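The values are calculated or read from the model by the stated rules, or taken from the named source; none is laboratory data. Since we're looking at a predicted model, the values are computed, not measured. Every residue, glycine as well, gets a Cβ built from its backbone with ideal geometry; the counts of neighbours run over all protein chains shown. Note: accessible area is taken over every heavy atom of the protein model, side chains too, but ligands, DNA and RNA are not part of it. Shrake-Rupley method; radii C 1.70, N 1.55, O 1.52, S 1.80 Å.
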Amino acid sequence: METGGTFQFCIFGRRCGVCGGLSPSYAAPVNTTHENKSPWLRRFTTVPGGAAPLVCFPHAGGAATSFRPLSQALAPDVEVLAVQYPGRQDRRQERSLESIAELADAVVEALGPELPADCAFFGHSLGAVLAFEVARRYERQPGAAGPVRIFASARRAPSVDRDDRVHLRDDAGIIAEMQRLSGTDQEILADPELMALVLPTLRADYKAIESYRPAQDARVRCPITALVGDEDPVTTVHDAAAWHAHSAAGATVRVLPGGHFYLDPQIDAVAREVRTALGTHPGGTPVGTRT
């Protein structure tokens, strides 16, 4: 659903059967290094060989297309591979998954047994936790390398526990939460026909993130960059800084102007943070390697 030029909560895409007809470019499957044609992955830009791969995980109610602007901002130095969850856009006929574990297992299967060299993860909100759990799965596999870095955007660290129950609310309660996060056009929220289509998938996503309980020692080996808006109503700077406890390599925090969906208006600043952390520069190639 539209804010700042993109549809934040629209699970059917910027142009779909509900919002105006799905464009083929939004539905094209992506090929990773192992020639995977999984429905779970999307590529929006063509980049030269040697670009740093960045797997991006959307927020609750979000879709792969939410990362199209970031993909364009990072090209040609970084190749964005955006994850497409079931239950939205061209996958709207599929059952939405209701647990982070299910989602993480499915993403690992889609990406394959080995990540591309110098691969990093970027997750926004729910996607930050999912990126973390996918990374943990790769690090547990004998001989497999996890991502070189995780960018955890607009999400408190797993150790910051809150008893959120948005998924248990009635429809009006979920819509109220969407209004609080300021990620949705009011005209869309007032459209009962569209909301009837959106809410079941959104509820499933909220159930997945709100029922997530990490292991006490949940950590990754790679460094984490936590990104947060200075006016985010659900993730404070302190919440973001707590990601430090979940990385053996430590974490850094970057605070940007904006709320929970700071990402859209700050896309250029976010692209600079990604390039800096991955050791790339406009027109260049990654200079860092796995450690």
* Asked: How would you order 159-168, 129-138 from highest to lowest mean count of nearby Cβ atoms within 10 Å?
  -> 129-138, 159-168
* To do: Rounded to whole Hz and in sequence order, give me ³J(HN,Hα) for the stretch 63-68 from the Karplus expression 6.51 cos²θ - 1.76 cosθ + 1.60, θ = phi - 60°, writing x for Gly and Pro.
  => 9, 4, 5, 5, 9, 4
* If we sort 107-117, 223-233, 57-67, 145-155 on the protection proxy, mean other Cβ atoms within 10 Å, highest first, what's the order? -> 57-67, 145-155, 223-233, 107-117
* Amide H of Leu256: which non-local residues (sequence gap of 5 or more, or other chain) have their own amide H closer than 5 Å, using H built in the peptide plane? -> Val228, Gly229, Asp230
* What is the local net charge at Ser247, summed over the other residues whose Cβ is closer than 9 Å to its Cβ (Lys, Arg +1; Asp, Glu -1)? -> +2
* **Percent accessible area from carbon and sulfur atoms, the stretch 88-161, protein chains only, probe 1.4 Å** => 43 percent
* Structure fact -> The long-range amide H neighbours of Leu54, using H built 1.01 Å from N in the peptide plane and a cut-off of under 5 Å, are Glu79, Val80, Leu81, Ala120
